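J.: Have a look at the structure that comes next, please.
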Amino acid sequence: MDSFAINYQIAEFLTSAPTIKECPVDTGSEVAFAGRSNAGKSSAINALTRKRGLARTSKTPGRTQLINFFQLTENKRLVDLPGYGYAKVPRAMKAEWDRHLANYLQMRESLAGLILLMDIRHPLQDYDQQMLNWAAQASLPVHILLTKADKIKRGPAENARLRVETLLRDMDPGCTLLSVQTFSALKKQGLSALEQQLNHWLNADLADT
């Protein structure tokens, strides 16, 4: 069954939550976006929704600690998770973020999937691997966006995608939970593939009926 298309341009800010206890009611379906502080997460959300300022980029990367929710419909949401991996964040703060992120990924029942963003020039760094491990523990599907694909030529970009895909196949032999694509928010490259993945996850309840 083909997924029903969702109009991502109607996304509106819903609320921010510092911990999972303060998140919106855990019903419906939502997809979270996660990535290093410089991976282009806010730019990807803004490109998807065609709203330049919807997901605000922090002037001090790594300082935004809130889980930000954007409503699509009454029971469908996009979620912007705190950026990670920024070197200047104090260790105690990083540990606190780790705890909140792990709790959210493993305990949020309405979470249908995770969009994990990585700079195509520096994919699968240590903290990216940690995110994949947390997702695996929750049997949560992950779709990787190799961002800033406009920064390198098409051939090297495709080679980078293939290398990541090979590594993912080792982690998930059946390729049932992990997938990857190239993406450029600046050039609007890969938007349709991203929308298709989001439609599939957010409409999973409809596909089952």
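The values are calculated or read from the model by the stated rules, or taken from the named source; none is laboratory data. What you see is a predicted model; the values in this text were computed from it and never measured. Glycine also receives a Cβ, built like all others from the backbone with ideal geometry; neighbour counts cover every protein chain displayed.
J.: Restricted to the range 77-129, and to residues that are small (Gly, Ala, Ser) and assigned to a loop (DSSP other than H, G, I, E, B), which residue is surrounded by the fewest Cβ atoms within 10 Å (Cβ to Cβ)?
T.: Of all residues in the range 77-129, those small (Gly, Ala, Ser) come to 83, 85, 87, 92, 95, 102, 110, 112-113.
Now restrict to residues that are assigned to a loop (DSSP other than H, G, I, E, B): 83, 85, 87, 110.
Working: 83: 24, 85: 19, 87: 8, 110: 17.
Restricting to residues being small (Gly, Ala, Ser) and assigned to a loop (DSSP other than H, G, I, E, B), the top hit is 87.
J.: Continuing with this model, one more query. Quick one: in the range 175-187, which of the residues that are closer than 14 Å to residue 142 by Cβ and either touching a Gly at 6+ places or on another chain (Cβ under 8 Å) or of a type in the set (Gly, Ala, Ser) (or both) is surrounded by the fewest Cβ atoms within 10 Å (Cβ to Cβ)? Full working, then the answer.
T.: So the first thing to find is which residues in the range 175-187 are closer than 14 Å to residue 142 by Cβ, and the list is 175-181.
With the extra rule that they be either touching a Gly at 6+ places or on another chain (Cβ under 8 Å) or of a type in the set (Gly, Ala, Ser) (or both), the set shrinks to 179, 181.
Numbers: 179: 16, 181: 18.
My answer is 179.
J.: Pick out the one residue from 81, 132, 145, 114 that is touching a residue at least 12 places away in the same chain (Cβ under 8 Å) and touching a His at 6+ places or on another chain (Cβ under 8 Å). Walk me through it before giving the result.
T.: Working: 81 fails: touching a His at 6+ places or on another chain (Cβ under 8 Å); 132 fails: touching a His at 6+ places or on another chain (Cβ under 8 Å); 145 fails: touching a His at 6+ places or on another chain (Cβ under 8 Å).
Residue meeting the stated conditions: 114.
J.: Of all residues being farther than 19 Å from residue 200 by Cβ and modelled with pLDDT of 95 or more in the range 26-45, which is surrounded by the most Cβ atoms within 10 Å (Cβ to Cβ)? Just the residue, please. Please lay out each step first, then the result.
T.: Looking only at the range 26-45, we keep the residues that are farther than 19 Å from residue 200 by Cβ, and these are 26-27, 35-43.
Applying the additional criterion that residues be modelled with pLDDT of 95 or more yields 26-27.
On the way: 26: 12, 27: 10.
The qualifying residue surrounded by the most Cβ atoms within 10 Å (Cβ to Cβ) is 26.
J.: Only residues that are closer than 26 Å to residue 30 by Cα and of a type in the set (Lys, Arg): list them for the range 117-160, please.
T.: 148
J.: Just the residues that are part of a loop (DSSP other than H, G, I, E, B), among the hydrophobic types (A, V, I, L, M, F, W, C) and either at pLDDT 95 or above or under 14 Å from residue 47 (Cβ atoms) (or both), please, taken from the range 171-201. Please lay out each step first, then the result.
T.: The initial filter retains those residues of the range 171-201 that are part of a loop (DSSP other than H, G, I, E, B), namely 172-177, 183, 185-188, 190.
This time we only want the ones that are among the hydrophobic types (A, V, I, L, M, F, W, C), so: 175, 177, 183, 185-186.
Those that are part of a loop (DSSP other than H, G, I, E, B), among the hydrophobic types (A, V, I, L, M, F, W, C) and either at pLDDT 95 or above or under 14 Å from residue 47 (Cβ atoms) (or both): 183, 185, 186.
J.: For residue 209, only one of the following conditions fails: (1) surrounded by fewer than 18 Cβ atoms within 10 Å (Cβ to Cβ); (2) of a type in the set (S, T, N, Q); (3) modelled with pLDDT of 90 or more. What is its number?
T.: Every condition holds for residue 209 apart from (3).
J.: Let me ask you something else. Condition check: under 26 Å from residue 204 (Cα atoms), surrounded by 19 or more Cβ atoms within 10 Å (Cβ to Cβ) and either at pLDDT below 95 or in contact with a His (Cβ under 6 Å, 6 or more places away or on another chain) (or both). Does residue 51 satisfy that?
T.: On the way: under 26 Å from residue 204 (Cα atoms): yes; surrounded by 19 or more Cβ atoms within 10 Å (Cβ to Cβ): no; either at pLDDT below 95 or in contact with a His (Cβ under 6 Å, 6 or more places away or on another chain) (or both): yes.
Here the answer is no, as residue 51 does not meet what is asked.
J.: Another question about this same structure. List, please: which pairs have Cβ atoms under 8 Å, are six or more places apart or on different chains, and start with a residue in the range 163-192 that is at positive phi and end with one that is among the polar types (S, T, N, Q)?
T.: So the pair list comes out as 190/181; 190/182; 190/184.
J.: Just checking, which of 145, 140, 162, 168 is in a helix (DSSP H, G or I) and buried (at least 18 other Cβ atoms within 10 Å of the Cβ)? Steps first, please.
T.: Numbers: 145 fails: in a helix (DSSP H, G or I); 140 fails: in a helix (DSSP H, G or I); 162 fails: buried (at least 18 other Cβ atoms within 10 Å of the Cβ).
Of 145, 140, 162, 168, the one residue that is in a helix (DSSP H, G or I) and buried (at least 18 other Cβ atoms within 10 Å of the Cβ) is 168.
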